[in-house]
Amino acid sequence: MNIGEKIKQLRVKMSLTQEELANRCELSKGFISQVERDLNSPSIATLVAILESLGTNLKDFFNDSQQDKIVFHKEDVYIQENLELGHKISWIVPNSQKNKIEPILISLEKSGKSKVYDPHQGEIFGYVLSGSINIFLGARKFKAKKGESFYYNATTTHYIENASNLEATILWLSTPPNF
């Protein structure tokens, strides 16, 4: 196994420069460069620090047979209910908060709503699977019903609420992840 090349692949996959990775690990950019070119070997403790900064660990790093999961099943879904707000969030791709986009299903009871999200750098996409909803962007209000979608930059306070007497279900994608 070419450890340096594999570290470089992980770093590039996370869109980090050598300097950014070095800063996260409290190492020098030159050392990271030497490790990636297999000119220097890190100690176990240093390798652990590098791997943690890259979102992995020793076991997964050295497990060549591990593949990214492509298809997710019902038993993979994590569900969280908020009785106060009247919604249920289903994370349909487990651990998606580590990805660039986070897809969820959100079900809104009658009068239910999502939490209010503060402005952030990112984008939101939604597709109404059932019912109808109101989308609030700052002081503006938009309505979307079954079969319609919505998209916006998340640069203002935003949330959704059920606009009907029936349950509403929305496929909601956020980048970067924020649920």
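The values are calculated or read from the model by the stated rules, or taken from the named source; none is laboratory data. Because the structure is a prediction, the values reported are computed rather than measured. All Cβ positions, glycine included, derive from the backbone under ideal geometry; neighbour counts span all protein chains shown. Just the protein is used for accessible areas: all its heavy atoms, side chains included, with ligands, DNA and RNA removed. Shrake-Rupley method; radii C 1.70, N 1.55, O 1.52, S 1.80 Å.
Being in contact with a strand residue (DSSP E or B) (Cβ under 8 Å, 6 or more places away or on another chain) and either exposed (fewer than 13 other Cβ atoms within 10 Å of the Cβ) or at pLDDT 95 or above (or both) is a property that Lys145 has. Within the range 115-142, the set of residues being closer than 13 Å to Glu161 by Cα, open to solvent by less than 70 Å² (accessible area, probe 1.4 Å) and either touching a Gly at 6+ places or on another chain (Cβ under 9 Å) or not in a strand (DSSP E or B) (or both) comprises Val128, Gly131, Ile133, Ile135.
Is it the case, given these coordinates, that Lys59 is exposed (fewer than 13 other Cβ atoms within 10 Å of the Cβ) and either among the aromatic types (Phe, Trp, Tyr) or more than 21 Å from Leu129 (Cα to Cα) (or both)?
yes
The single condition among (1) touching an Asp or Glu at 6+ places or on another chain (Cβ under 8 Å); (2) more than 20 Å from Asn99 (Cα to Cα); (3) not hydrophobic (A, V, I, L, M, F, W, C) that Arg11 does not satisfy is (2).
Residues in the range 67-89 that are surrounded by 12 or more Cβ atoms within 10 Å (Cβ to Cβ), free of Cβ contacts under 8 Å to residues at least 24 places away in the same chain and in a loop (DSSP other than H, G, I, E, B): Phe72, Val77.
Put simply, of Ala45, Ala49, Ala22 the only residue that is surrounded by 17 or more Cβ atoms within 10 Å (Cβ to Cβ), assigned to a helix (DSSP H, G or I), over 19 Å from the mean Cα position of the chain (by Cα) and of a type outside the set (D, E, K, R) is Ala22. On the given criteria, is Thr169 touching a Pro at 6+ places or on another chain (Cβ under 7 Å) and under 24 Å from Leu83 (Cβ atoms)? When the stated conditions are applied, Thr169 does not pass them. Inside the range 106-144, residues that are over 20 Å from the mean Cα position of the chain (by Cα), under 19 Å from Ile89 (Cα atoms) and of a type in the set (Lys, Arg) make up a count of 2.
If you filter the range 90-112 down to residues that are buried (at least 19 other Cβ atoms within 10 Å of the Cβ) and of a type in the set (A, V, I, L, M), you find that the one that is modelled with the lowest pLDDT is Ile104. Residues Leu16, Leu39: which one is of a type in the set (A, V, I, L, M, F, W, C), open to solvent by 70 Å² or more (accessible area, probe 1.4 Å) and assigned to a loop (DSSP other than H, G, I, E, B)? Answer to the check: Leu39.
Of everything listed in (1) more than 25 Å from Leu83 (Cα to Cα); (2) at pLDDT below 95, the single unmet condition for Tyr117 is (1).
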